[in-house]
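Heads up, the thing below is written out as structure tokens.
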Amino acid sequence: MTLRELRHRARKVLGPIPYDYVAGGAGEERVLADNEKAFDRYALLPRVLSGSETRDTAVDLPGARQAAPVLVAPTAFHRLVHRDGERATARAAAAEGAVLVTGTAATTAVLDVVAAAREAAPRPPVWFQLYLHPRGEVTRALVWRAEDAGCTALVVTVDSPVFGRHTRDLRNGFTDLPPGFAAENMRGLPGAGPDALTPIPMSPAVRWPDLAEAVRGTSLPVLVKGVLHPDDAKLAVEHGAAGVIVSNHGGRQCDAVPAAVDCLPAVTEAVAGRVPVLLDGGVRRGSDVAVALALGASAVGVGRPVVWGLAAEGETGVRRVLATLRDEYDHTLALCGGRRNADLTADMVVRNGGAGAR
Ligand SMILES: Cc1cc2nc3c(=O)[nH]c(=O)nc-3n(C[C@H](O)[C@H](O)[C@H](O)COP(=O)(O)O)c2cc1C
Ligand SMILES: CCCCC(=O)C(=O)O
């Protein structure tokens, strides 16, 4: 089963409103579509007679060593799609040796998410995603909850000064969580009630010094998610980021930006190896992972496919998504004559239809 087929299975078990919440994007969903289509514009140019029977796909990331260069991107409200929610996702990611990025908008408290991950692996890498709050004490409270739970890194999302206009949700009138669901990490903190769809008051007033303050206020590495402009990647490093995540939020924020993978080469050049560069958006096959790594990513995140796996089959479905991507990636690495992730280099990616014409 391909990851694309899994979406159809999820659609059958989900009601139309949660399905649309996950599947949808902002505006006319141009960026949502382009994130996937962009990978079709790249082709791999394999090397030959340079492979190995044993390959090493492991990767070292801030606060994590992973079996493969694929991690679970933060996606909100897992209990909306499966009764086991984030606990199932956490057990699956830990069992597959993948980083789980849980976040402020999870429907399970971070302490319980990490506890579930520990049922599957002794020291599971769980990162915590948050938005910087204009009131520093709210940010500090969230960071403390993540540290206390045992998270090994923080992910600060910077592409959401305001919430994106999700066309399908607006049409469906989906503005609040159904009764019985809440953004558990927001309990007791100021803001909209934890059962609002946007419990975190995103703010355009948040600026670079707030990031620097967040970095200073924690011993955990802080990755910055949602960077597209190479100058912002440089600023992120200068303000203490331990990693930069190239992402357009899966096409859910500004509907006029480039596909994530198209922004990767310039960001990689700007960061110049100082910190790892990661990418998410549109990754659906092992060859997409290989293209991203060749263009400079250390690892990629997957968002919707994990939610489809969770909706369709719970913990087993999430494991299937991660195992499929790892297996497909390893196979692609072999076909490209590689032994290690670093064997995939920029000269091995060409524009599709223009082989050799780089
Ligand atoms: C249903 C859903 C919820 C999301 N929630 C968050 C979130 O709470 N925080 C965040 O930083 N990104 C969030 N994202 C964005 C993802 O982290 C990621 O950038 C995006 O899904 C990657 O694209 P993909 O779905 O094509 O893999 C969400 C995405 C989806 C689809
Ligand atoms: C405050 C909820 C964040 C969810 C989110 O980021 C998304 O739906 O894209």
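See the values below:
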{"quantity": "Between the stretch 159-222 and the stretch 264-331, the Cα center-to-center distance that results, in Å", "calculated": "24"}
{"quantity": "Relative frequency of Cα-Cα separations exceeding 39 Å in the stretch 3-337, percent", "calculated": "6"}
{"quantity": "Relative contact order of the stretch 201-358, pairs being alpha-carbon contacts under 8 Å that are 6 or more residues apart, as %", "calculated": "16"}
{"quantity": "Peptides ranked, highest mean first, by Cβ atoms within 10 Å: ranges 67-75, 269-277", "calculated": "67-75, 269-277"}
{"quantity": "R123 versus L335: modelled label distance in nm, points set 7 Å from Cα along the beta carbon direction", "calculated": "3.6"}
{"quantity": "Farthest toward positive dipole pole in the chain [+1 Lys/Arg, -1 Asp/Glu at C-beta], among I17, L100, L220", "calculated": "I17"}
{"quantity": "Choice from A242, A196, A93 showing the highest fluctuation, given a GNM over the chain with Cα pairs closer than 10 Å", "calculated": "A196"}
{"quantity": "Alpha-carbon centroid distance for the pair the stretch 7-44 / the stretch 120-150, whole angstrom", "calculated": "28"}
{"quantity": "Inter-probe distance in nm under a simple model that places probes 7 Å from Cα toward Cβ, at R83 and A205", "calculated": "4.4"}
{"quantity": "With Cα atoms, 0 to 90° folded angle of helix 304-335 axis to the chain main axis", "calculated": "20"}
{"quantity": "On Cα atoms only, tilt of 136-149 relative to the major axis of the chain in degrees", "calculated": "70"}
{"quantity": "In degrees, nearest ten, helix 85-95 long axis to first principal axis of the chain (Cα)", "calculated": "30"}
{"quantity": "Anchor K12: lysines whose Cα lies under 16 Å away (excluding residues fewer than 8 positions away in-chain)", "calculated": "none"}
{"quantity": "Whole-number Å³ per residue for the convex hull built on Cα positions in the stretch 56-196", "calculated": "122"}
{"quantity": "Cα-centre dipole for the chain with unit charges at Cβ (Lys and Arg positive, Asp and Glu negative), debye to 20", "calculated": "400"}
{"quantity": "Proximal lysines to K225, defined as alpha-carbon separation beneath 22 angstrom and excluding residues fewer than eight positions away on the same chain", "calculated": "K37, K234"}
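Read the figures in this text as sums done on the coordinates, not as results from a lab. The structure presented is a predicted model; accordingly, all values stated were derived computationally and were not measured. All Cβ positions, even for glycine, are placed from backbone atoms using ideal geometry, and neighbour counts span all protein chains on display.
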